[in-house]
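All of the numbers you see were taken from the coordinates with simple rules; none came from a lab. Remember, it's a predicted structure, so these values are computed and weren't measured experimentally. When we count neighbours, we look across all protein chains shown, and the Cβ atoms used for this are built from the backbone with ideal geometry, even at glycine.
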């Protein structure tokens with residue numbers, strides 16, 4: 001990348017005119033492909049990672065869903081292995097699976113498979129972490145009232161960890177967005193492919209930098225929406241817990257008033 005070529009690409013009116021014509025034809029499709037693959041990959045990653053994270057969190061020997069030791073070790077090993085492989089290598093390894101599932105290894109849809117394979121172990125670990133943060137007293141209270149393990153999971157653990165899950169969903173979304181840009185190196189399409197093929201290889205650096213700026217803007221939008229939803233849900237849960245505490249306190253005072261000689 002010579003300085004003269006970079007300066008021409010960034011400050012020449014002729015270069016920006018050519019780039020503008022390309023943006024009008026290529027950018028809308030590239031943006032759509034990026035959003036399409038990011039949202040779908042994150043959705044599938046959560047569909048796989050959420051139950052896996054619940055099993056990892058609740059499958060201990062004294063947990064509410066105890067698993068055989070060999071199975072829990074195997075699940076943890078699988079998650080750790082997939083998380084440790086760099087995405088660019090994992091993407092190449094999983095491409096044959098893309099051919100089996102999608103029928104091709106090239107294109108935006110084909111990249112969903114390696115993106116899910118890279119994202120769902122991360123989702124499993126953050127779901128496990130979110131569930132482990134729930135107070136054990138809530139689980140014990142639910143067990144004392146005769147709740148089944150599935151009722152505890154769906155009515156106690158997941159609702160209580162929902163704000164944390166929203167934050168982690170946002171984190172996963174931004175990570176998958178970055179992975180989707182890297183998938184452009186092997187024909188994945190989207191903004192990553194546009195920045196590489198048009199911006200870098202054809203030395204139209206203004207297109208490359210604009211693509212990067214758009215990716216940064218998308219990350220900021222996803223993060224802002226996720227943070228807002230997490231804070232809003234956290235406030236709602238806090239108000240509900242405070243309201244339940246006040247109601248229980250009032251009931252306790254009333255019951256003490258009914259008892260003769262109560263202070």
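Before moving on, here are some points about what is shown:
- Residue order for 160, 33, 133, fewest other beta carbons within 10 angstrom first, comes to 133, 160, 33.
- Taking other C-beta atoms within 10 Å as the exposure proxy, 224, 144 rank 144, 224 from fewest upward.
- Distance from the C-alpha centroid of the range 58-100 to that of the range 119-141: 17 Å, rounded to the whole angstrom.
- Calculated FRET efficiency for the pair residue 143/residue 31, C-beta based, R₀ 51 Å, to 0.05: 0.55
- Footprinting exposure proxy for 84, 193, 180, 130 (fewest neighbouring C-beta atoms within 10 Å first): 84, 130, 193, 180
- Annotation for residue 203 and residue 93: the two label points, set 7 Å from Cα along the Cα-Cβ direction, are 3.8 nm apart.
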